[in-house]
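What follows is a single structure, written as C-alpha cells, with notes after it.
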Amino acid sequence: MKQYKPKNRLTAQAYIDGVLAGNRVLLARAITIIESNLESDKILAKEIVQAILPASGKSIRIGITGVPGVGKSTFIESFGKYLVAKGKKVATLSIDPSSQRSKGSILGDKTRMEELANLEEAFIRPSASGDTLGGVANKTGETMLLCEAGGYDIILIETVGVGQSETAVHAMTDFFLLLMLSGAGDELQGIKKGIMEMADMVVINKADGDNVVMSEMAKLQYQNALHIFPLADSGWSPVVSTASAIKNIGIDRVWEEVLNYKKLVDENGYFEKNRNEQQIEWMYSNVNEELKRLFYNSELVKSKLKDIETAVVSTKISPVKAAQQLIDAFKGAL
Ligand code: GDP
C-alpha cells in the first residue's frame, strides 16, 4: 500500500534549526511530526529528536496530578504566570490517555489556561493521542525534549490522578506535585496510596474563603500520613502546603520548595542518577512495547491464538505451556 506523505513537510534540518532557534511555530510543527503515526513522519521524528538531544535535558521537569476538578489548570495558569514573571520560559504538556478510548478527554476539551497560553514565554500543548499509554508517554517524552531544546527552562507535565498515567508522568519528571482538596478522604478523591508515595509535594488547593480552616486541617492530616512512608531515595521529605490557585496564594511557596528540592538532589547526586535511570527505563519500556506489538501482529501467532485459547479453556494444555507454544511459534516466524 502506498503511504500517504504530507506535502507540507520541511526537511529535518529546517525543523532542527527552528527548534534550536526557539521558533515556536517550528517547534509546534515538529511536535506534530512526533505525534504523527505516518511511517514517513516517524523517520523524520527520529532524525529531529536525535539531532536536538544534546540541547535537551536542561530544564526542571515538574509532574502535576490530581483528580478532575481539583484545580490543575487553574494552578498551572497561576504557577506558569508566576514563573514567566520570574523570567522563565515554561512549557506545559499533558498526558491524557482517556482521550482516545472515550473520544472525550478527562482533562477537558475546553480551552484551558488561556492567559498563560497568550504569553510569549509560555508554550502549551495538549495531550498527544494514542492507543496505549506507553505510546502517549513516548510522544510526550519526546515533545518534552524538543521543548527543552527550544529553551524552555521549566516543563510542567500534567495528568489526571485516576489511572496509570501518574506513574508515566512520574517516570519522566524530576519533581512530582500532587494537588488535593480539603474535606474529602483519599478514597473519595480517588487517589491511591501509591500516588501519595510518589509525591514530593502535596498542595491542598482551594484554600480560600470558608475553606481556609479545613485546608489547614487537611494539611496536618497529610503531613501525618506522609510521615509513615519511608524516606525516598532522593533523601527529600515531602512537603505539604495549602494554596489558592484562583487567588494566587501559596504559589510562590511551591516554587521555593522545587528549588529546595533541586538544591538537595543536585548536591547528593540524586538528580543525575534519577535522570539516568529514567532514560534507561524509557528505553526498556519501548523494547517491551515493541516486542509485544511484533508478537501480536505476527501472522503465525494470530493464526494459532484461537486454537490455543480453546485448548487452554478445555484444560488440554496448561496456560504456561500454551504461552511457550505461542512464543516458540513467534520465534520460528522470525
Ligand atoms: P482541573 O480539572 O483539575 O483542571 O480543575 P480546574 O482548574 O478546571 O478547576 C475546577 C474548578 O475549580 C473551576 O471552576 C475553578 O475555577 C475552581 N478552582 C480552581 N482553583 C481554585 C481555587 O484555588 N479556589 C477556588 N475557590 N476554586 C478553584
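The values are calculated or read from the model by the stated rules, or taken from the named source; none is laboratory data. Bear in mind the structure is a predicted one, so any value in this text is a computation, not a measurement. Cβ: placed from backbone, ideal geometry, glycine included. Neighbour counts: every protein chain shown.
The number of residues in segment 27-69 being within 20 Å of TYR15 (Cα to Cα) and among the hydroxyl-bearing types (Ser, Thr, Tyr) comes to 4. Exactly one residue among SER298, SER318, SER314 is over 37 Å from the mean Cα position of the chain (by Cα), surrounded by 11 or more Cβ atoms within 10 Å (Cβ to Cβ) and hydroxyl-bearing (Ser, Thr, Tyr), and that residue is SER318.
For segment 149-172, a tally of residues being crowded, with 24+ Cβ neighbours inside 10 Å and in a helix (DSSP H, G or I) returns 4.
In the set (1) among the β-branched types (Val, Ile, Thr); (2) farther than 28 Å from PHE271 by Cα; (3) surrounded by fewer than 18 Cβ atoms within 10 Å (Cβ to Cβ), VAL84 fails one condition alone, (2).
Against the conditions (1) within 30 Å of ASP174 (Cβ to Cβ); (2) more than 34 Å from the chain's Cα centre (by Cα), GLU289 satisfies every one except (2). Criterion applied to MET172, MET196, MET180 was being within 16 Å of the ligand (Cβ to nearest atom), touching a helix residue (DSSP H, G or I) at 6+ places or on another chain (Cβ under 9 Å) and within 20 Å of LYS72 (Cβ to Cβ), and the one residue passing it is MET180.
Screening segment 249-265 for residues that are surrounded by 15 or more Cβ atoms within 10 Å (Cβ to Cβ) and within 15 Å of the ligand (Cβ to nearest atom) and picking the one that is nearest to PHE79 (Cα to Cα) gives ILE251. Screening segment 200-248 for residues that are within 13 Å of the ligand (Cβ to nearest atom) and over 27 Å from the mean Cα position of the chain (by Cα) and picking the one that is surrounded by the most Cβ atoms within 10 Å (Cβ to Cβ) gives SER215.
Before we move on, is GLN324 polar (S, T, N, Q), out of contact with any Asp or Glu (no Cβ under 7 Å at 6 or more places or on another chain), farther than 19 Å from HIS170 by Cβ and assigned to a helix (DSSP H, G or I)?
yes
Suppose we filter segment 110-147 for residues that are over 10 Å from SER94 (Cα atoms), in a loop (DSSP other than H, G, I, E, B) and not β-branched (Val, Ile, Thr); how many remain? Final tally of qualifying residues: 10.
Looking only at segment 274-302, residues that are touching a Ser or Thr at 6+ places or on another chain (Cβ under 9 Å) and either modelled with pLDDT of 95 or more or within 16 Å of the ligand (Cβ to nearest atom) (or both) come to 2 in all.
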